[in-house]
Amino acid sequence: MSLHDLEMKIERKEAKLAVIGLGYVGLPVACKFAQVGFDVLGVEIQADRVERINSGFSPVQGKEPGLAELLNQVVSGGKLRATTDYQELSDRDAILIDVETPVDENNVPQYEALRTALRTLGRVMRQGTLVIVESTIAPGTMQSVVLPLLEESTGMKLDRDFYLGNCPERVMPGKLLQNLQTMSRVVGGMTPETAETMVALYQHIVQAELDPTDCITAEIVKTVENAYRDVQIAFANEIALICEAVGGDVWKVRDLVNKAPYRNMHLPGAGVGGHCIPKDPWLLAQSARDHGLSLRLIPVAREINNNMPLHIIELLQIALNSVDREICDSRILVLGYSYLEESDDSRNSPSRTLVKHLRDMSVDVLIHDPYIPPFQEDVLKKAKGCDALVLMVRHQSYYTLDLGEVKKVMRVPIFIDGRGYFSSNQAQASGWLYFGVGKVSGKSA
Ligand code: SAJ
(Lines give C-alpha, C1' and ligand atoms only; values in the text may rest on other atoms or scores of the structure.)
Protein backbone atom coordinates (compact mmCIF):
# COMPACT_ATOMS: atom_id res chain seq x y z
CA MET A 1 0.00 0.00 0.00
CA SER A 2 1.31 3.48 -0.83
CA LEU A 3 1.65 6.15 1.85
CA HIS A 4 -1.10 8.10 0.13
CA ASP A 5 -3.49 5.13 0.25
CA LEU A 6 -2.61 4.61 3.92
CA GLU A 7 -3.29 8.26 4.67
CA MET A 8 -6.70 7.98 2.99
CA LYS A 9 -7.54 4.91 5.07
CA ILE A 10 -6.44 6.80 8.20
CA GLU A 11 -8.58 9.79 7.35
CA ARG A 12 -11.59 7.49 6.91
CA LYS A 13 -10.66 5.71 10.18
CA GLU A 14 -10.56 2.45 8.22
CA ALA A 15 -6.89 1.85 8.98
CA LYS A 16 -6.40 -1.04 11.40
CA LEU A 17 -4.18 0.04 14.29
CA ALA A 18 -2.08 -1.80 16.85
CA VAL A 19 -0.26 -0.77 19.99
CA ILE A 20 2.61 -2.94 21.26
CA GLY A 21 2.99 -2.53 25.03
CA LEU A 22 -0.15 -1.73 27.05
CA GLY A 23 1.45 0.13 29.94
CA TYR A 24 0.80 3.65 31.25
CA VAL A 25 1.45 5.06 27.76
CA GLY A 26 0.26 2.32 25.38
CA LEU A 27 -3.04 1.61 27.06
CA PRO A 28 -4.42 5.18 27.07
CA VAL A 29 -3.38 5.76 23.45
CA ALA A 30 -5.00 2.46 22.39
CA CYS A 31 -8.18 3.49 24.21
CA LYS A 32 -8.22 6.96 22.62
CA PHE A 33 -7.87 5.65 19.06
CA ALA A 34 -10.55 3.03 19.77
CA GLN A 35 -12.82 5.72 21.22
CA VAL A 36 -12.74 7.75 17.99
CA GLY A 37 -13.66 4.65 16.00
CA PHE A 38 -10.49 2.85 14.93
CA ASP A 39 -10.18 -0.93 15.19
CA VAL A 40 -7.30 -1.27 17.67
CA LEU A 41 -5.35 -4.38 18.61
CA GLY A 42 -3.27 -4.20 21.77
CA VAL A 43 -0.29 -6.56 22.00
CA GLU A 44 1.04 -7.18 25.49
CA ILE A 45 3.43 -9.87 26.79
CA GLN A 46 1.81 -10.08 30.24
CA ALA A 47 -1.09 -12.52 29.83
CA ASP A 48 -2.76 -11.36 33.04
CA ARG A 49 -2.86 -7.76 31.77
CA VAL A 50 -4.36 -9.03 28.47
CA GLU A 51 -7.01 -10.95 30.34
CA ARG A 52 -7.84 -8.02 32.61
CA ILE A 53 -8.12 -5.62 29.65
CA ASN A 54 -10.31 -8.01 27.61
CA SER A 55 -12.57 -8.26 30.66
CA GLY A 56 -12.94 -4.48 30.43
CA PHE A 57 -10.86 -3.62 33.52
CA SER A 58 -7.91 -1.24 33.59
CA PRO A 59 -4.65 -2.73 34.94
CA VAL A 60 -3.27 0.78 35.58
CA GLN A 61 -3.29 1.56 39.33
CA GLY A 62 -3.50 5.02 40.87
CA LYS A 63 -5.92 7.84 40.07
CA GLU A 64 -6.34 8.00 36.28
CA PRO A 65 -9.52 10.03 35.65
CA GLY A 66 -11.65 8.49 32.92
CA LEU A 67 -9.33 5.66 31.90
CA ALA A 68 -11.17 2.73 33.51
CA GLU A 69 -14.52 3.87 32.09
CA LEU A 70 -13.09 4.51 28.63
CA LEU A 71 -11.36 1.13 28.53
CA ASN A 72 -14.56 -0.67 29.51
CA GLN A 73 -16.48 1.27 26.86
CA VAL A 74 -14.12 0.52 23.94
CA VAL A 75 -13.57 -3.13 24.90
CA SER A 76 -17.29 -3.84 25.26
CA GLY A 77 -17.86 -1.89 22.04
CA GLY A 78 -15.48 -4.28 20.27
CA LYS A 79 -13.08 -1.50 19.20
CA LEU A 80 -10.16 -2.56 21.40
CA ARG A 81 -8.92 -6.09 21.91
CA ALA A 82 -5.75 -7.26 23.63
CA THR A 83 -3.64 -10.29 22.79
CA THR A 84 -0.25 -11.82 23.53
CA ASP A 85 0.03 -13.14 19.97
CA TYR A 86 2.21 -11.03 17.66
CA GLN A 87 0.92 -13.06 14.67
CA GLU A 88 -2.26 -10.98 14.88
CA LEU A 89 -0.27 -7.94 13.79
CA SER A 90 -0.13 -9.26 10.23
CA ASP A 91 -3.31 -7.40 9.18
CA ARG A 92 -2.44 -4.06 10.82
CA ASP A 93 -1.87 -0.84 8.82
CA ALA A 94 -0.25 1.29 11.53
CA ILE A 95 1.58 -0.03 14.60
CA LEU A 96 2.63 2.03 17.65
CA ILE A 97 5.43 0.74 19.88
CA ASP A 98 5.20 1.70 23.57
CA VAL A 99 7.60 -0.62 25.35
CA GLU A 100 9.94 0.31 28.20
CA THR A 101 13.38 1.77 27.48
CA PRO A 102 15.14 1.80 30.89
CA VAL A 103 18.79 2.48 31.70
CA ASP A 104 20.92 0.01 33.72
CA GLU A 105 22.90 0.71 36.92
CA ASN A 106 25.61 2.30 34.79
CA ASN A 107 23.00 4.55 33.14
CA VAL A 108 23.37 2.76 29.81
CA PRO A 109 20.11 2.49 27.82
CA GLN A 110 18.64 -1.03 27.71
CA TYR A 111 16.73 -1.70 24.48
CA GLU A 112 15.98 -5.41 24.91
CA ALA A 113 12.22 -4.85 25.03
CA LEU A 114 12.36 -2.57 21.98
CA ARG A 115 14.57 -4.98 20.01
CA THR A 116 12.32 -7.94 20.83
CA ALA A 117 9.23 -6.02 19.80
CA LEU A 118 10.82 -4.98 16.51
CA ARG A 119 12.17 -8.44 15.67
CA THR A 120 8.88 -10.16 16.46
CA LEU A 121 6.88 -7.53 14.63
CA GLY A 122 9.23 -7.76 11.65
CA ARG A 123 8.47 -11.42 11.19
CA VAL A 124 4.73 -10.81 10.71
CA MET A 125 4.41 -7.22 9.45
CA ARG A 126 2.86 -6.82 6.02
CA GLN A 127 3.97 -4.56 3.17
CA GLY A 128 2.84 -0.92 3.45
CA THR A 129 2.72 -0.78 7.27
CA LEU A 130 3.49 2.42 9.19
CA VAL A 131 5.54 1.76 12.35
CA ILE A 132 5.70 4.52 14.99
CA VAL A 133 8.01 4.29 18.01
CA GLU A 134 6.47 6.24 20.92
CA SER A 135 8.93 5.01 23.56
CA THR A 136 11.58 7.50 24.70
CA ILE A 137 14.89 6.65 23.00
CA ALA A 138 18.34 8.18 22.79
CA PRO A 139 18.83 10.52 19.82
CA GLY A 140 20.00 8.47 16.82
CA THR A 141 18.30 5.24 17.91
CA MET A 142 15.73 5.29 15.10
CA GLN A 143 18.53 5.34 12.51
CA SER A 144 20.98 3.05 14.29
CA VAL A 145 18.73 0.48 15.99
CA VAL A 146 15.09 0.61 14.86
CA LEU A 147 15.56 0.91 11.08
CA PRO A 148 18.24 -1.81 10.68
CA LEU A 149 16.28 -4.23 12.88
CA LEU A 150 13.06 -3.74 10.90
CA GLU A 151 14.73 -4.04 7.49
CA GLU A 152 16.64 -7.14 8.65
CA SER A 153 13.63 -8.89 10.21
CA THR A 154 11.22 -8.06 7.38
CA GLY A 155 13.57 -8.26 4.39
CA MET A 156 11.81 -5.09 3.28
CA LYS A 157 13.17 -1.61 2.47
CA LEU A 158 12.24 1.60 4.22
CA ASP A 159 9.86 3.88 2.27
CA ARG A 160 9.50 1.28 -0.47
CA ASP A 161 7.86 -1.41 1.64
CA PHE A 162 7.14 0.19 5.03
CA TYR A 163 7.14 3.61 6.69
CA LEU A 164 8.74 4.64 9.97
CA GLY A 165 8.46 7.44 12.52
CA ASN A 166 9.05 8.50 16.13
CA CYS A 167 6.37 10.28 18.12
CA PRO A 168 7.42 10.63 21.80
CA GLU A 169 4.68 10.76 24.41
CA ARG A 170 4.15 13.54 26.95
CA VAL A 171 1.99 11.85 29.55
CA MET A 172 2.17 12.11 33.31
CA PRO A 173 0.75 9.66 35.81
CA GLY A 174 -2.55 10.98 37.08
CA LYS A 175 -3.24 12.86 33.86
CA LEU A 176 -2.70 10.16 31.22
CA LEU A 177 -5.83 10.80 29.15
CA GLN A 178 -5.81 14.57 29.71
CA ASN A 179 -2.17 15.00 28.61
CA LEU A 180 -2.72 12.71 25.61
CA GLN A 181 -5.48 14.97 24.36
CA THR A 182 -4.19 18.39 25.33
CA MET A 183 -0.39 18.27 25.04
CA SER A 184 1.26 19.17 21.75
CA ARG A 185 3.40 16.45 20.19
CA VAL A 186 6.51 16.31 18.06
CA VAL A 187 5.86 14.02 15.09
CA GLY A 188 9.11 12.72 13.62
CA GLY A 189 8.98 10.93 10.26
CA MET A 190 11.81 9.24 8.37
CA THR A 191 10.50 11.35 5.48
CA PRO A 192 8.38 14.53 5.47
CA GLU A 193 5.57 12.57 3.77
CA THR A 194 5.61 10.01 6.57
CA ALA A 195 5.47 12.81 9.16
CA GLU A 196 2.39 14.21 7.40
CA THR A 197 0.69 10.80 7.43
CA MET A 198 1.48 10.53 11.14
CA VAL A 199 -0.09 13.96 11.70
CA ALA A 200 -3.21 12.69 9.91
CA LEU A 201 -3.34 9.82 12.40
CA TYR A 202 -2.66 11.74 15.61
CA GLN A 203 -5.01 14.59 14.82
CA HIS A 204 -7.85 12.14 15.47
CA ILE A 205 -6.94 12.09 19.19
CA VAL A 206 -4.73 15.15 19.87
CA GLN A 207 -6.45 18.51 20.25
CA ALA A 208 -3.15 20.40 20.52
CA GLU A 209 -0.46 21.29 18.01
CA LEU A 210 1.21 18.48 16.09
CA ASP A 211 4.70 19.49 14.99
CA PRO A 212 5.94 17.45 12.00
CA THR A 213 9.71 17.08 11.83
CA ASP A 214 12.41 14.45 11.33
CA CYS A 215 13.21 11.58 13.70
CA ILE A 216 16.44 12.91 15.14
CA THR A 217 14.69 16.15 16.14
CA ALA A 218 11.87 14.20 17.81
CA GLU A 219 14.37 12.05 19.72
CA ILE A 220 16.37 15.08 20.87
CA VAL A 221 13.32 17.16 21.90
CA LYS A 222 11.92 14.42 24.12
CA THR A 223 15.14 13.73 26.00
CA VAL A 224 16.03 17.44 26.23
CA GLU A 225 12.66 18.46 27.72
CA ASN A 226 13.22 16.04 30.60
CA ALA A 227 16.92 16.80 30.98
CA TYR A 228 15.93 20.47 31.16
CA ARG A 229 13.58 19.69 34.08
CA ASP A 230 16.22 17.62 35.86
CA VAL A 231 18.84 20.39 35.56
CA GLN A 232 16.33 22.96 36.79
CA ILE A 233 15.46 20.82 39.81
CA ALA A 234 19.16 20.30 40.53
CA PHE A 235 19.69 24.06 40.46
CA ALA A 236 16.87 24.51 42.99
CA ASN A 237 18.38 21.80 45.18
CA GLU A 238 21.81 23.45 45.12
CA ILE A 239 20.24 26.77 46.13
CA ALA A 240 18.52 24.92 48.98
CA LEU A 241 21.90 23.70 50.24
CA ILE A 242 23.28 27.25 50.04
CA CYS A 243 20.30 28.56 52.03
CA GLU A 244 20.87 25.95 54.73
CA ALA A 245 24.53 26.94 54.94
CA VAL A 246 24.10 30.73 54.97
CA GLY A 247 20.87 30.90 56.94
CA GLY A 248 18.19 31.53 54.34
CA ASP A 249 14.80 30.00 53.57
CA VAL A 250 14.89 28.60 50.03
CA TRP A 251 11.10 28.70 49.69
CA LYS A 252 11.01 32.41 50.40
CA VAL A 253 14.05 32.93 48.15
CA ARG A 254 12.39 30.95 45.34
CA ASP A 255 9.17 32.98 45.51
CA LEU A 256 11.10 36.23 45.29
CA VAL A 257 13.52 35.03 42.59
CA ASN A 258 10.56 33.96 40.45
CA LYS A 259 9.22 37.51 40.62
CA ALA A 260 12.12 38.51 38.43
CA PRO A 261 11.19 38.25 34.73
CA TYR A 262 12.13 35.07 32.88
CA ARG A 263 12.94 33.21 36.09
CA ASN A 264 11.35 29.86 36.83
CA MET A 265 13.22 28.32 39.76
CA HIS A 266 11.81 24.83 40.29
CA LEU A 267 10.97 23.18 43.61
CA PRO A 268 13.88 21.93 45.74
CA GLY A 269 13.22 18.79 47.69
CA ALA A 270 14.05 15.31 48.89
CA GLY A 271 14.96 14.02 45.43
CA VAL A 272 13.75 13.18 41.93
CA GLY A 273 11.89 9.96 41.18
CA GLY A 274 9.72 8.42 38.48
CA HIS A 275 10.44 6.72 35.18
CA CYS A 276 11.09 9.79 33.02
CA ILE A 277 13.19 12.45 34.69
CA PRO A 278 15.86 10.22 36.26
CA LYS A 279 16.26 8.24 33.03
CA ASP A 280 15.91 10.53 30.02
CA PRO A 281 18.98 12.70 30.72
CA TRP A 282 21.07 9.52 30.50
CA LEU A 283 19.58 8.66 27.11
CA LEU A 284 20.72 12.09 25.91
CA ALA A 285 24.12 11.63 27.53
CA GLN A 286 24.52 8.23 25.84
CA SER A 287 24.10 9.81 22.41
CA ALA A 288 26.66 12.44 23.28
CA ARG A 289 29.06 9.71 24.48
CA ASP A 290 28.50 7.77 21.25
CA HIS A 291 29.75 10.84 19.41
CA GLY A 292 32.77 11.37 21.66
CA LEU A 293 31.23 14.19 23.65
CA SER A 294 31.44 13.84 27.43
CA LEU A 295 28.83 16.00 29.14
CA ARG A 296 29.30 17.79 32.47
CA LEU A 297 26.15 19.74 33.42
CA ILE A 298 23.60 16.96 32.80
CA PRO A 299 25.48 14.23 34.74
CA VAL A 300 26.23 16.62 37.60
CA ALA A 301 22.55 17.56 37.82
CA ARG A 302 21.72 13.85 38.11
CA GLU A 303 24.32 13.53 40.88
CA ILE A 304 22.90 16.50 42.81
CA ASN A 305 19.36 15.17 42.61
CA ASN A 306 20.38 11.61 43.47
CA ASN A 307 22.15 12.95 46.54
CA MET A 308 19.10 14.64 48.04
CA PRO A 309 17.76 11.53 49.86
CA LEU A 310 21.24 11.25 51.45
CA HIS A 311 21.05 14.90 52.42
CA ILE A 312 17.81 14.07 54.23
CA ILE A 313 19.82 11.56 56.27
CA GLU A 314 22.38 14.29 57.06
CA LEU A 315 19.58 16.53 58.36
CA LEU A 316 18.26 13.60 60.38
CA GLN A 317 21.67 12.97 61.95
CA ILE A 318 22.07 16.66 62.88
CA ALA A 319 18.60 16.69 64.42
CA LEU A 320 19.09 13.50 66.43
CA ASN A 321 22.56 14.54 67.60
CA SER A 322 21.09 17.83 68.82
CA VAL A 323 19.11 15.80 71.35
CA ASP A 324 21.96 13.37 72.02
CA ARG A 325 20.44 10.47 70.15
CA GLU A 326 22.29 8.23 67.71
CA ILE A 327 20.58 7.56 64.37
CA CYS A 328 21.33 3.83 64.58
CA ASP A 329 19.30 3.64 67.81
CA SER A 330 16.37 5.62 66.44
CA ARG A 331 12.96 4.82 64.99
CA ILE A 332 11.95 6.90 61.99
CA LEU A 333 8.58 7.25 60.25
CA VAL A 334 8.83 8.11 56.54
CA LEU A 335 5.78 9.95 55.22
CA GLY A 336 5.33 9.20 51.50
CA TYR A 337 6.82 6.31 49.50
CA SER A 338 5.61 7.10 45.95
CA TYR A 339 7.72 9.32 43.71
CA LEU A 340 5.00 11.97 43.30
CA GLU A 341 2.10 13.36 45.31
CA GLU A 342 -1.32 11.71 44.83
CA SER A 343 0.27 8.74 43.05
CA ASP A 344 0.85 5.09 43.99
CA ASP A 345 3.83 4.84 41.61
CA SER A 346 7.03 4.30 43.59
CA ARG A 347 9.40 3.64 40.68
CA ASN A 348 12.81 5.20 41.43
CA SER A 349 11.23 7.10 44.35
CA PRO A 350 13.60 9.07 46.62
CA SER A 351 11.91 7.32 49.55
CA ARG A 352 13.14 3.95 48.26
CA THR A 353 16.70 5.28 48.38
CA LEU A 354 16.17 6.84 51.81
CA VAL A 355 14.65 3.72 53.36
CA LYS A 356 17.35 1.44 51.94
CA HIS A 357 20.17 3.60 53.30
CA LEU A 358 18.54 4.02 56.70
CA ARG A 359 17.99 0.28 57.03
CA ASP A 360 21.62 -0.31 56.00
CA MET A 361 22.45 1.91 59.01
CA SER A 362 20.33 -0.35 61.25
CA VAL A 363 17.71 2.34 61.68
CA ASP A 364 14.23 1.11 62.57
CA VAL A 365 12.22 2.57 59.65
CA LEU A 366 8.44 2.66 59.32
CA ILE A 367 6.71 3.84 56.15
CA HIS A 368 3.37 5.52 55.56
CA ASP A 369 1.80 6.22 52.19
CA PRO A 370 -1.95 6.78 51.63
CA TYR A 371 -1.79 5.29 48.12
CA ILE A 372 0.39 2.20 48.59
CA PRO A 373 -1.43 -0.73 50.25
CA PRO A 374 1.23 -2.07 52.61
CA PHE A 375 1.76 1.42 54.07
CA GLN A 376 -1.72 2.83 54.51
CA GLU A 377 -2.18 2.28 58.27
CA ASP A 378 -2.99 5.37 60.37
CA VAL A 379 -0.07 7.81 60.84
CA LEU A 380 -0.85 8.33 64.55
CA LYS A 381 -0.44 4.62 65.19
CA LYS A 382 2.81 4.39 63.23
CA ALA A 383 4.26 7.51 64.86
CA LYS A 384 4.04 6.02 68.34
CA GLY A 385 7.50 5.96 69.93
CA CYS A 386 9.23 7.42 66.88
CA ASP A 387 12.18 9.80 67.08
CA ALA A 388 11.48 11.63 63.83
CA LEU A 389 8.95 12.12 61.04
CA VAL A 390 10.51 12.49 57.58
CA LEU A 391 8.18 14.02 55.00
CA MET A 392 9.21 12.86 51.52
CA VAL A 393 6.04 13.36 49.43
CA ARG A 394 3.51 16.18 49.58
CA HIS A 395 0.44 13.97 49.64
CA GLN A 396 -2.59 16.20 50.23
CA SER A 397 -3.71 14.04 53.17
CA TYR A 398 -0.62 15.10 55.18
CA TYR A 399 -1.96 18.63 55.29
CA THR A 400 -4.86 17.38 57.41
CA LEU A 401 -2.64 15.66 59.98
CA ASP A 402 -3.13 16.95 63.55
CA LEU A 403 0.55 17.44 64.23
CA GLY A 404 -0.19 18.37 67.84
CA GLU A 405 -1.68 14.93 68.38
CA VAL A 406 1.13 13.23 66.47
CA LYS A 407 3.72 15.08 68.54
CA LYS A 408 2.22 13.65 71.74
CA VAL A 409 2.92 10.03 70.70
CA MET A 410 6.47 10.68 69.46
CA ARG A 411 9.45 9.73 71.60
CA VAL A 412 11.29 12.78 70.19
CA PRO A 413 9.34 15.42 68.17
CA ILE A 414 11.75 15.84 65.27
CA PHE A 415 10.28 16.82 61.89
CA ILE A 416 12.48 16.54 58.80
CA ASP A 417 10.73 18.39 56.00
CA GLY A 418 11.82 17.15 52.58
CA ARG A 419 9.29 19.10 50.56
CA GLY A 420 8.73 22.47 52.19
CA TYR A 421 5.62 21.09 53.87
CA PHE A 422 5.75 23.66 56.72
CA SER A 423 6.06 27.42 56.34
CA SER A 424 8.73 28.76 58.70
CA ASN A 425 6.37 30.33 61.23
CA GLN A 426 4.21 27.17 61.29
CA ALA A 427 7.37 25.28 62.31
CA GLN A 428 7.94 27.76 65.14
CA ALA A 429 4.40 27.54 66.45
CA SER A 430 3.87 23.81 66.19
CA GLY A 431 6.32 22.69 68.89
CA TRP A 432 8.45 20.41 66.72
CA LEU A 433 12.23 20.35 66.40
CA TYR A 434 12.14 21.25 62.74
CA PHE A 435 14.77 20.71 60.05
CA GLY A 436 13.77 21.40 56.46
CA VAL A 437 15.52 21.12 53.10
CA GLY A 438 16.65 24.63 52.27
CA LYS A 439 15.76 26.17 55.60
CA VAL A 440 17.77 27.30 58.58
CA SER A 441 17.83 24.04 60.48
CA GLY A 442 17.48 23.20 64.11
CA LYS A 443 15.01 25.92 65.05
CA SER A 444 13.25 24.42 68.02
CA ALA A 445 9.72 25.10 67.09
N1 SAJ B 1 10.33 17.27 41.41
C2 SAJ B 1 11.11 18.13 42.18
N3 SAJ B 1 11.06 19.46 41.92
C4 SAJ B 1 10.27 19.97 40.92
C5 SAJ B 1 9.50 19.08 40.15
C6 SAJ B 1 9.54 17.73 40.40
O7 SAJ B 1 11.82 17.72 43.09
O8 SAJ B 1 10.25 21.18 40.72
C9 SAJ B 1 10.42 15.83 41.65
C10 SAJ B 1 9.09 15.19 41.99
O11 SAJ B 1 8.89 15.14 43.39
C12 SAJ B 1 9.26 13.78 41.41
C13 SAJ B 1 10.17 13.98 40.22
O14 SAJ B 1 10.82 15.23 40.43
O15 SAJ B 1 9.91 12.92 42.35
C16 SAJ B 1 9.46 14.00 38.87
O17 SAJ B 1 8.38 14.89 38.98
P18 SAJ B 1 7.60 15.41 37.64
O19 SAJ B 1 6.64 16.46 38.08
O20 SAJ B 1 8.58 15.76 36.60
O21 SAJ B 1 6.70 14.15 37.22
P22 SAJ B 1 7.01 13.04 36.14
O23 SAJ B 1 8.22 12.27 36.47
O24 SAJ B 1 5.74 12.27 35.96
O25 SAJ B 1 7.33 13.89 34.83
C26 SAJ B 1 6.48 13.85 33.72
C27 SAJ B 1 7.35 14.19 32.55
N28 SAJ B 1 6.54 13.99 31.39
C29 SAJ B 1 7.01 13.18 30.41
O30 SAJ B 1 8.10 12.66 30.45
C31 SAJ B 1 6.11 12.97 29.27
C32 SAJ B 1 7.83 15.62 32.63
O33 SAJ B 1 8.46 15.96 31.39
C34 SAJ B 1 6.70 16.58 32.83
O35 SAJ B 1 7.22 17.88 33.00
C36 SAJ B 1 5.92 16.17 34.06
O37 SAJ B 1 5.44 14.82 33.85
C38 SAJ B 1 4.71 17.08 34.19
O39 SAJ B 1 4.74 17.86 35.15
O40 SAJ B 1 3.83 17.00 33.33
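The values are calculated or read from the model by the stated rules, or taken from the named source; none is laboratory data. For clarity, every value in this text was computed on a predicted model and none was experimentally measured. FYI the Cβ positions are ideal-geometry reconstructions off the backbone, even for glycines, and counts take in every protein chain you see.
Figures for the structure shown
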{"quantity": "Meets criteria (within 16 Å of the ligand (Cβ to nearest atom) and at pLDDT 95 or above) for Val379", "calculated": "no"}
{"quantity": "Any hit, the range 253-266, residues being within 8 Å of the ligand (Cβ to nearest atom), hydrophobic (A, V, I, L, M, F, W, C) and touching a helix residue (DSSP H, G or I) at 6+ places or on another chain (Cβ under 7 Å)", "calculated": "no"}
{"quantity": "Residues (of a type in the set (A, V, I, L, M) and over 14 Å from Gly420 (Cβ atoms)) located in the range 253-271", "calculated": "Leu256, Val257, Ala260"}
{"quantity": "Answer residue from the range 170-195, given it is among the charged types (D, E, K, R) and at pLDDT 95 or above and is nearest to the ligand (Cβ to nearest atom) among those", "calculated": "Arg185"}
{"quantity": "Some residue of the range 204-219 being of a type in the set (Ser, Thr, Tyr) and within 14 Å of the ligand (Cβ to nearest atom)", "calculated": "no"}
{"quantity": "Conditions (1) modelled with pLDDT under 95; (2) more than 20 Å from the chain's Cα centre (by Cα): number failed by Arg160", "calculated": "(1)"}
{"quantity": "Residues located in the range 155-210, provided they are more than 26 Å from Ala227 (Cα to Cα) and basic (Lys, Arg)", "calculated": "Lys157, Arg160"}
{"quantity": "Some residue of the range 272-295 being among the basic types (Lys, Arg), free of Cβ contacts under 8 Å to residues at least 40 places away in the same chain and in contact with a Pro (Cβ under 8 Å, 6 or more places away or on another chain)", "calculated": "no"}
{"quantity": "Residue count, the range 277-320 (criterion: away from the ligand (no atom under 12 Å from the Cβ) and under 21 Å from Asp387 (Cα atoms))", "calculated": "11"}
{"quantity": "Inter-residue pairs, beta-carbon under 9 Å, first without any contact (Cβ under 8 Å) to a residue 24 or more places away in the chain and in the range 116-133, second surrounded by 17 or more Cβ atoms within 10 Å (Cβ to Cβ), 6+ apart", "calculated": "Thr116/Val99"}
{"quantity": "Pick from the range 236-246, criterion of a type in the set (A, V, I, L, M, F, W, C) and within 13 Å of the ligand (Cβ to nearest atom), ranking: surrounded by the fewest Cβ atoms within 10 Å (Cβ to Cβ)", "calculated": "Ile239"}
{"quantity": "Criterion violated by Gly271 - all others in (1) under 23 Å from the mean Cα position of the chain (by Cα); (2) at negative phi satisfied", "calculated": "(2)"}
{"quantity": "Candidate set: the range 333-366, residues that are within 16 Å of the ligand (Cβ to nearest atom) and among the hydrophobic types (A, V, I, L, M, F, W, C); chosen: the one farthest from Leu310 (Cα to Cα)", "calculated": "Leu340"}
{"quantity": "Members of the range 387-397 found to be in contact with a helix residue (DSSP H, G or I) (Cβ under 8 Å, 6 or more places away or on another chain) and away from the ligand (no atom under 13 Å from the Cβ), listed by number", "calculated": "Asp387, Ala388, Leu389, Val390"}
